[in-house]
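Heads up, the thing below is written out as C-alpha cells.
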Ligand code: SF4
C-alpha cells in the first residue's frame, strides 16, 4: 500500500489536473493527524490510470514540417510581416514552455513544439496561432 506525506502530495498536485488531490484524499486513509496519506492498491491503480499524463506527441516528419513552415511564412507575408507585440510574444512563450508538447531539448537545445515543429520563431509573428488553440493570432492582423 503506497503512502506519502501530505506535503509531498500537495507538491505533486501542482502539476496534476484539477481535482487530483481531492480525488486522492477521498479514497485515502489518513494518519498522523492527516499528515500521512495511504492508499490501498486498487485506489492507487485507479487514480494512476485516471491522472497519468498523456504521452507527448512525436515531432512532425520533415515533409510535414516543411509544409507547415511554408504555410506559416505565407500567412506572415500576407499579413505584411506584422510582428506580435513583445508582451504577447512573452505570454505565448510562457504557454509553450509549460506545454507538454514543448520539447526543450529539441533542435539541439533550442526547443521545439512537437505539434507544429516550430522552435519559437512563430511566437513573434502576429499571424500565427498554436495548433492546439492555447494561444491565438493577434487581432489586428
Ligand atoms: S505551440 Fe501550442 S502545442 Fe506547441 S508548444 Fe506551444 S502551446 Fe504547446
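Condition first: surrounded by 14 or more Cβ atoms within 10 Å (Cβ to Cβ), free of Cβ contacts under 8 Å to residues at least 40 places away in the same chain, more than 9 Å from the ligand (Cβ to nearest atom) and over 30 Å from residue 22 (Cβ atoms). Can you find one or more residues in the stretch 132-139 that meet it? Among the residues of the stretch 132-139, at least one is surrounded by 14 or more Cβ atoms within 10 Å (Cβ to Cβ), free of Cβ contacts under 8 Å to residues at least 40 places away in the same chain, more than 9 Å from the ligand (Cβ to nearest atom) and over 30 Å from residue 22 (Cβ atoms), which makes the answer yes.
Residue-level check: of (1) in the same structural domain as residue 107 (by TED's automatic domain parsing); (2) surrounded by 14 or more Cβ atoms within 10 Å (Cβ to Cβ), residue 25 misses just (1). Checked against (1) more than 9 Å from the ligand (Cβ to nearest atom); (2) assigned to a helix (DSSP H, G or I); (3) touching a residue at least 40 places away in the same chain (Cβ under 8 Å); (4) under 24 Å from residue 17 (Cα atoms), residue 65 meets all criteria but (4).
Consider the stretch 92-113 and keep the residues that are surrounded by 18 or more Cβ atoms within 10 Å (Cβ to Cβ) and outside any strand (DSSP E or B). The one that is farthest from the ligand (Cβ to nearest atom) is 92.
The values are calculated or read from the model by the stated rules, or taken from the named source; none is laboratory data. Please read all numbers here as calculations on a predicted model, not as lab measurements. As a convention, Cβ positions derive from the backbone with ideal geometry for all residues, glycine included, and neighbour counts pool all protein chains shown.
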